[in-house]
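Written out below as structure tokens is the structure these notes cover.
The values are calculated or read from the model by the stated rules, or taken from the named source; none is laboratory data. These figures come from a predicted structure and were not determined experimentally. Ideal geometry is used to build each Cβ from the backbone, glycine not excepted, and the neighbour counts take in all protein chains shown.
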């Protein structure tokens, strides 16, 4: 009754173990994945990955910074630009980063600065949400 989940960034393997269930944010909404899920490949949005552990049925969260997921044969491979387990995120630093991102968006000038500031704000909000989320 398990799935093998592997979360990879360009620099490291963030997660590689069996899980009971996941919920991830795709570009078209959230999807839940259980054992024997239909095979799919999907683009991932900046958002939260929720993981139900096999050994204690607890949920853990991870902040994902966009990428792709491939699901098939009870194996899930997630390739993302960056990922952080909620337990690895410093709450004080995450809140400070969020405040800075909000300030940068407010003072952004021009289309490019606004787009970059919006992306930074989404990343900062996702990190804060990951540590505050009670699945």
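Summary of computed values
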quantity	calculated
Selected residue (criterion: nearest to the chain's Cα centre (by Cα)) from residues of the range 43-80 that are assigned to a loop (DSSP other than H, G, I, E, B) and at negative phi	58
Qualifying positions in the range 11-47 - without any contact (Cβ under 8 Å) to a residue 24 or more places away in the chain and under 12 Å from residue 77 (Cα atoms)	13, 16, 17
Answer residue from the range 1-10, given it is assigned to a loop (DSSP other than H, G, I, E, B) and in contact (Cβ under 8 Å) with a residue 60 or more places away in the chain and is farthest from residue 78 (Cα to Cα) among those	2
Exclusive hit being under 19 Å from residue 13 (Cβ atoms), touching a helix residue (DSSP H, G or I) at 6+ places or on another chain (Cβ under 8 Å) and crowded, with 17+ Cβ neighbours inside 10 Å, set 63, 117	63
Boolean, residue 29 is at pLDDT below 95, surrounded by fewer than 15 Cβ atoms within 10 Å (Cβ to Cβ) and under 19 Å from residue 126 (Cα atoms)	yes
Of all residues in the range 98-114 being touching a helix residue (DSSP H, G or I) at 6+ places or on another chain (Cβ under 9 Å) and either assigned by TED's automatic domain parsing to the domain that holds residue 25 or not in a helix (DSSP H, G or I) (or both), the one that is surrounded by the most Cβ atoms within 10 Å (Cβ to Cβ)	108
